[in-house]
Amino acid sequence: MAIDTATTKEKIRNYIVQSSHADADKIKDESMIFREGFFDSMGFIMLITFLEEEFGIKTADSDLIEENFESINAISEFIQRKSQN
Amino acid sequence: MSTRKPFTKDIILLENVEAVVSNIIEQMREDVLQRFKRNGAVVGISGGIDSSVCFALAARAFGPEKVLGIMLPEKDSSPDSEMLARELAAKFGVKAIKEEITGALSGFGCYERRDEAVKSVFPEYDPKNWKMKIGVRQSGLFSNLPPVFYLTIIDPEGNVKDKILPAREYLQIVAASNFKQRTRMSMLYYHAETLHYAVIGTPNKHEQEQGFFVKYGDGAGDVMPIGNLYKTQVYQLAEYMGVPKGIIERTPTTDTYSAEQTQEEFFYQLPFNLMDRFWYGFENGYPPAEVAAVMGETAERVESLFRNFERKRTTTEYLRMPPIRNYYRG
């Protein structure tokens, strides 16, 4: 089942804002969430758990690369790809 | 004009180890005897390099008769740890006692809580004869992504399975395992209080600054004599003070989980000799390109590494902070 991209991004954004305690205005779709320090190691583990539970995907070792998680845009594309597989 | 020395691989080495040791023991005497008014020191000895160097420093500072070494094994501890700790105590002529903490840990539910989380990831895990550990993958330190933790289980035939640890299980395993370090620290303070001694904290500079310790566990203590020394420098002190070879040559381990695990695979992701030099470059503000040229890396990878170091230092600040109490400023 295709997931609406806008809805996906909104869910991811809401999660990031809530869990990182960051100012919502500072988190854009293209913000580099790790480089800019919104998340640490524990935040990353929790993000993976959230994505797996929310979108029903399974993260493999080979998925753990910056290109898949660096921003809301990247995560959304990653979710779309995983959902199609 | 900057007087900073050019970055080299040897920049980290102590030039006069004898003088460094003298300064540390003088400071330990001043802090423990004069300032804290304590009569000596207790040191938890694990057979690892850090606690051994602290133990040797304490013996030099207060005299062997004013130091107590305490071995604190539990059922997952390596038997080598006790053997090496005994050898250390004999070498420096210091009394050492053993306090087995498995019973206390069972009382806390340490093993049961940990194994419950492991079984929720691997239902086939049998704590009676399987081994487990958690750790990170080494390749991650040059990436902009923080590491994730993996859970590894090993069956009695030696077959290994691992999986990325989900958040809840990761937190439960770590929280349960941290009973070990906190129980040890409770026991150290018991003995310190019965003798009117201070507790020597044994973390080195990396453990302190990267947050590789348990808050109020092995991160506690009254003085931390090697808290500002790189691991390379700790080894220099060990050689100088005559710490037994078996301890110096032992690979640093966490000695926390039932499966053997090096500190590198659990946390640091780099051998300490490289970690020391990169961290030195980072904390002293050397440009990544200068460090990269000396260390045989690319400037881009060293930039990522330095960003990781900065993130580690920032995100672990909570561990190093005492409780904040200035809420009322009347």
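Derivation of every value follows stated rules applied to the coordinates shown; laboratory data play no part. Keep in mind that what you see is a predicted model, and the values were worked out from it rather than measured. Methodologically, a virtual Cβ is constructed for each residue, glycine included, from the backbone with ideal geometry; neighbour enumeration extends over all protein chains shown.
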Inset, instruction - Return the FRET efficiency for the residue pair B:N228, A:E66: r is the Cβ-Cβ distance, R0 is 51 Å, and the value is rounded to the nearest 0.05. - result: 0.95
Inset, instruction - Scan around B:A198 for amide H atoms under 5 Å from its own, H built in the peptide plane at 1.01 Å from N, and keep only partners 5 or more places away or cross-chain. - result: B:N39, B:G40, B:A41, B:V42
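Per-residue mean of other chain beta-carbon atoms within 10 angstrom of the beta-carbon, peptide B:166-175?
Across the residues of B:166-175, the mean count of other-chain Cβ atoms within 10 Å is 3.
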Legend entry - Per-residue mean of C-beta atoms belonging to partner chains within 10 Å, peptide B:311-319: 2
Inset, instruction - Taking amide H positions as placed in the peptide plane 1.01 Å from N, state which residues far from B:T253 in sequence (5 or more) or on other chains have amide H under 5 Å from it. - result: B:Q263
Legend entry - Environment charge at A:Q80 (Cβ cut-off 12 Å; Lys +1, Arg +1, Asp -1, Glu -1): +1
Legend entry - Exposure proxy order (Cβ contacts within 10 Å, fewest to most) of B:D126, A:D63, B:D50: B:D126, A:D63, B:D50
Inset, instruction - Please give the FRET efficiency for A:K58 paired with B:L13, using the beta carbon to beta carbon distance and R0 = 35 Å, rounded to the nearest 0.05. - result: 0.15
Inset, instruction - Only helical DSSP H runs with n ≥ 4 go in: add -39500 (n - 2.57) per run for the protein assembly as shown, normalise by residue count and round the 222 nm mean residue ellipticity to 500 deg cm²/dmol. - result: -15000 deg cm²/dmol
Inset, instruction - Report, by chain and number, residues whose modeled amide H sits under 5 Å from the one on B:F149, excluding near sequence neighbours (fewer than 5 apart, same chain). - result: B:L165
Inset, instruction - Could you list B:H196, B:H206 in order of exposure, starting from the residue whose Cβ has the fewest other Cβ atoms within 10 Å? - result: B:H196, B:H206
Inset, instruction - Report, ordered by chain and residue number, the lysines lying within cross-link reach of B:K98, taken as a straight Cα distance under 24 Å and ignoring same-chain residues fewer than 8 apart. - result: B:K66, B:K75, B:K180, B:K215, B:K245
Legend entry - Integer Hz, Karplus 6.51/-1.76/1.60 couplings in order for the stretch B:120-134, x for Gly and Pro: 6, 8, 10, x, 6, 4, 10, x, 5, 9, 9, 10, 9, 7, 10
Inset, instruction - Calculate one ³J(HN,Hα) per residue across the stretch B:99-105 by plugging θ = phi - 60° into the Karplus curve 6.51 cos²θ - 1.76 cosθ + 1.60, and present them in order as whole Hz with x for glycine and proline. - result: 10, 7, 9, 4, x, 4, 5
Legend entry - 16 Å cut-off, amide nitrogen to a point 7 angstrom out along B:Y318 Cα→Cβ, residues in the stretch B:190-214: B:210-214
Inset, instruction - Work out from phi, with θ = phi - 60° and the Karplus expression 6.51 cos²θ - 1.76 cosθ + 1.60, the ³J(HN,Hα) of each residue of the stretch B:275-289, listed in order in whole Hz, and give x for Gly and Pro. - result: 3, 4, 6, 5, 5, 4, x, 4, 6, 9, x, 6, x, x, 5
Inset, instruction - Rounded to the nearest Å, what's the spacing between the alpha carbon centres of the stretch A:15-85 and the stretch B:81-152? Just the number, please. - result: 30 Å
Inset, instruction - Just tell me how shielded A:61-69 is by partners: mean number of partner chain Cβ atoms within 10 Å of each residue's Cβ, no decimals. - result: 3
